[in-house]
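Undergrad: Let me begin by handing over the structure; questions about it come next.
Every read-out reported here was derived from the displayed coordinates using simple, explicitly stated rules and does not represent laboratory data. None of these values were measured; they are calculated from a predicted model. All Cβ positions, even for glycine, are placed from backbone atoms using ideal geometry, and neighbour counts span all protein chains on display.
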Amino acid sequence: MATQIFSKNTELTQRVIDMIKTCYDPEIPVDIWELGLIYEVHVSEENEVMIKMTLTSPSCPVAETLPPEVEQKIRDVEGVRSAKLELTFEPPWEKEMMSEVAQLELGFM
């Protein structure tokens, strides 16, 4: 499943994605973007950002800390007016959602 991006402000959206790529699940040496944990990125005309993301499993040890970290980092992106993160487990994350970069890094290819 590819990340869905809803935005007319491509420059701000790219800065948001670049910031997301600085977030890692501490147990996996690949950023959450390449892992396929980000399902949607919405950037409104007012530069309000909404992210829909998942975790590798509902019992993920960083379930309490990773989503707030991602949300705060997005708030810190220059030009972002507000940020909200929605955590979902639909559809459930699967290894096939990882990018080729992540699959290569983790030895799945």
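Undergrad: Tell me, what is the percent relative contact order of the chain, built from C-alpha pairs under 8 Å that lie six or more residues apart? Don't skip to the answer; put the middle values down first.
TA: Working: 173 pairs, mean separation 31.9, N = 109.
29 percent.
Undergrad: Also, I was wondering about something else. Of E45, E69, E86, which is the most mobile in a GNM of the chain whose springs link Cα atoms less than 10 angstrom apart?
TA: Of E45, E69, E86, the Gaussian network model singles out E45 as fluctuating most.
Undergrad: Could you give the nm distance between label points at E45 and L87, where each point is 7 Å from its Cα heading toward the beta carbon?
TA: A separation of 3.4 nm, rounded to one decimal place.
Undergrad: Place +1 on the Cβ of every Lys and Arg and -1 on the Cβ of every Asp and Glu in the chain, take the dipole about the Cα centre, and give the residue among M98, Y24, A2 whose Cα lies farthest towards its positive end.
TA: A2
Undergrad: What does the charge dipole of the chain about its Cα centre add up to, to the nearest 20 debye, if the Cβ of each Lys and Arg holds +1 and the Cβ of each Asp and Glu holds -1?
TA: The calculated dipole for the chain is roughly 160 debye.
Undergrad: Based on alpha-carbon positions alone, could you give the equivalent ellipsoid semi-axes of region 1-59 from the gyration tensor, as √(5λ), descending, whole Å?
TA: 22, 12, 9
Undergrad: Taking the alpha carbon gyration tensor of region 4-102, what are the square roots of 5 times its eigenvalues, largest first, to the nearest whole Å? Walk me through the intermediate numbers first.
TA: Details: eigenvalues 94, 37, 31 Å².
Three semi-axes, in Å: 22, 14, 12.
Undergrad: May I pose another question? Count charges around T65 for me, please; just the other residues with Cβ under 12 Å from its Cβ, Lys/Arg as +1, Asp/Glu as -1.
TA: Working: positive: none; negative: D25, E64, E69, E71.
Once all neighbours under 12 Å are counted, the net charge is -4.
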